[in-house]
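Below is one structure, written out as structure tokens; comments come after it.
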Amino acid sequence: MSVSQKPLRVLVADDVQANRTLLRAYLGRLGFEAITAENGEEAVQMFQSNRPDIVLMDLMMPVMDGFDAIRHIRNLDSRRWVPIFVVSAMDTDADIIRALEGGADDYLVKPLSYQVFAAKMRNMSRALSFQRAQDEAHRRESAISDAVIDGIITFDGTGAVITLNRAAAQIFGVHDDALVGRHLATLVTERERPAFALELARNLEHGTGQLIGRVAEISACTLGGRNFPMELTISALPSDRKLFIGVVRDISERKRAEQQIADDAARLRQYHEEVEAEAELAKDILDRHIHQQHTDKRGAQLMVLPTERFSGDIVLAGRSPSGLLYGLLADATGHGLAAAMSGLSVVSQFHQSVRANASVSQIVAETNKGLRALLPPGRFVAAAIICIDETQRRASYWIGGVPSVLHFGPDGQLQGRLPSAHLALGITDLDESDCEPAYLSWDEPGGCVLLCSDGVFEAALEGGNEFGEEGAIEVMRRNGGSAGALSALNAALAHHMAGHNPHDDASALLLQLD
């Protein structure tokens, strides 16, 4: 964007303050002027009053959602093209198709990659600049009727040039009369000249054809040998003689702009492909890190349903050399790669602790210490950690920031809830009392405990009911702690979501109390 050019105005519609603040910062960094709206209705009103150049629209908003807001905006101003980008965490094919068919021009999935966002905004800025330049050129052409901008060449039925105006002379780099008497085909590149001459002769003889009354794009050349793209429109003049007028226009700049846009699009595609390849490699490395520990998981069932390629949830289980059963469910802030990276140290610390028969308080202290050293401010990991001693029928547990752990008896009936009593890990330093676990005892074997991330309980379709704690309790009532209990929970969650993925990572860990 040129320094002297007035910055493009971008309307940001999102009901979350943090998202509006982030997009405003991104846009300011890129040289755009941002105005914000908190819902779809306000976005429509601000579109009418502020006439933005670009719109960034969230989909899930109160009062009026993004789908309706896009339709209203498109109905408001059909003569002026205003690009609309959807910026949403909803990333299913159905959501994307619905948004694009509803009038959106592009779709960006949260959390945003700044590099991709910046590339798309710069590309759109160039497209808008090009569009405005074209509009301005058209307005000038309408205001000027004496062909000062466009070149005008008159010629007879044989194709011989009779006159040309100053603009045409400038286009071909000659004096006003230098082309007089030459055949019009001499203004075409040598490669295309025979075919052009033949087509021109047919058109001039019959007064109709591909060149008469239509804009034809040809490869022209000057007498000095410079080739350039040119638009040519031929019309017959009312006259006793057979005369024709050709309006010519050098479209080199437009072609360069079109090529620049095409090159930018190709680079953007290449960048996207590289990002996808790097993301796939990162996912493979993360998966290998999480699953590299070949621990004994007898008595444990695990489930992780990521909303994106990367999951911010980590579910681990393993038995120590002395036979203790350990389980951990961790939920890092955010989604995607950043959230997944936050949990890497948790994985290593957990497996080291299991091999060392560590206590829950030791696991909590060491894990928090590692996260405090690695995570930036504002990042943390909610977690539930449990150690089951089957010989004593006793478990120690620590829960910070995740939903209550559910305790079920052998018959699948809920026996109680183990509530979260601590802050999430990585927020602040912990003293010895902060790491102390609580305890659970049971009288007879066959029961279980179910650890779930909030993505399980909060899973819901647009405008629908959440799966809720009640949904998990009902699944366990029917299946108890059987080997297929977690598979049944997965199936019930999929049924509730009608095949769609939850909008947050959903994970669960079921541990037997034998």
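If I model a spin label as a point 7 Å beyond the Cα along the Cα-Cβ vector, how far apart are those points for residue 488 and residue 115 in nm?
With each label placed 7 Å out from Cα toward Cβ, I get 4.7 nm.
With Cβ to Cβ distances under 10 Å as the rule, what net charge do the other residues near residue 323 carry (K, R +1; D, E -1)?
Numbers: positive: 298, 319; negative: 296, 389, 390.
Once positives and negatives cancel, what remains is -1.
Compare the peptides 320-330, 258-268, 29-39, 107-117 by average per-residue count of other Cβ atoms within 10 angstrom and give them in order, highest first.
Values: 320-330: 20.6, 258-268: 12.5, 29-39: 17.8, 107-117: 16.0.
Order by mean packing, descending: 320-330, 29-39, 107-117, 258-268.
With every atom except the alpha carbons ignored, what do you get for Rg and Dmax of region 9-143, in angstroms?
Considering region 9-143 through its Cα atoms, Rg and Dmax are 14.8, 49 Å.
Checking a compactness column here: for the chain, what do you get for Rg(Cα) / (2.2 N^0.38 Å), N being the number of residues?
Values: Rg = 34.2 Å, N = 514, 2.2 N^0.38 = 23.6 Å.
In units of the 2.2 N^0.38 Å rule of thumb, it is 1.45.
Need one number: % antiparallel among DSSP beta bridges in region 151-250, to the nearest 5. Walk me through the numbers before you get to the answer.
Working: 26 of 27 bridges.
So the antiparallel bridges in region 151-250 amount to around 95 percent.
Obtain the nm distance between the two label points defined at residue 130 and residue 263 by a simple spin-label model: each point lies 7 Å from its Cα along the Cα-to-C-beta direction.
Spacing of the two 7 Å Cα→Cβ label points: 1.2 nm.
Mind giving me the FRET efficiency for residue 222 and residue 162? R0 is 22 Å, r the Cβ-Cβ distance, nearest 0.05 is fine.
Working: r = 20 Å, r/R0 = 0.89.
Result of the calculation: an efficiency of 0.65.
Using a simple spin-label model with points 7 Å from Cα along the Cα→Cβ vector, what separation in nm is obtained for residue 413 and residue 45?
Computed distance between label sites residue 413 and residue 45 equals 5.5 nm.
Would you kindly state how much longer the chain becomes between residue 255 and residue 233 on full extension, computed as 0.36 nm times their sequence separation minus their alpha carbon distance, in nm to one decimal? Intermediate results must be reported in sequence, preceding the final value.
Values: separation 22, 0.36 × 22 = 7.92 nm, distance 1.78 nm.
Gain in length upon complete extension: 6.1 nm.
Report relative contact order for region 9-143 in percent, whole number only (criteria: Cα-Cα under 8 Å, sequence separation at least 6).
Details: 185 pairs, mean separation 26.5, N = 135.
Rounded, it is 20 percent for region 9-143.
Please state the relative contact order of region 293-513 as a whole percent: Cα pairs under 8 Å, 6+ residues apart? Intermediate values should be presented prior to the final figure.
On the way: 519 pairs, mean separation 53.6, N = 221.
This gives 24 percent for region 293-513.
For each of 81, 442, count neighbouring Cβ atoms within 10 Å of the residue's Cβ, then give the residues from fewest to most.
81, 442
With a cut-off of 8 Å between alpha carbons and a minimum separation of six or more residues, what is the relative contact order of region 205-244 in percent?
Computed value for region 205-244: 35 percent relative contact order.
Compute the signed sum of charges (Lys and Arg +1, Asp and Glu -1) over the other residues within less than 10 Å, Cβ to Cβ, of residue 53. Walk me through the numbers before you get to the answer.
Numbers: positive: 6, 9, 51, 80, 132; negative: 33.
Counting the neighbours of residue 53, the net charge comes to +4.
Could you give the dipole magnitude of region 293-513 about its Cα centre, charging the beta-carbon of Lys and Arg +1 and that of Asp and Glu -1, in debye to the nearest 20? Working shown, then result.
Details: 13 positive and 24 negative charges, 130 e Å.
Taking the Cα centre of region 293-513 as origin, the dipole is about 620 debye.
Count the net charge of all other residues whose Cβ sits under 13 Å from the Cβ of residue 350, scoring Lys and Arg as +1 and Asp and Glu as -1. Spell out each step's value before the answer.
Working: positive: 297, 319, 355; negative: 366.
Within the 13 Å Cβ shell, the charges total +2.
Considering every pair of different Cα atoms, what Kirkwood radius, in Å, is found for region 9-58? If you can, show how the numbers build up before the last one.
Details: mean 1/r = 0.0953 Å⁻¹.
Kirkwood radius, region 9-58: 10.5 Å.
Report, in whole Å, the centroid distance computed from the Cα atoms of region 410-473 and region 23-85.
40 Å
We did not get these values from a lab; they are worked out from the coordinates using the rules stated. Given the structure is predicted, the values throughout are model-derived calculations rather than measurements. Virtual Cβ from ideal backbone geometry, glycine too; neighbours counted across all protein chains shown.
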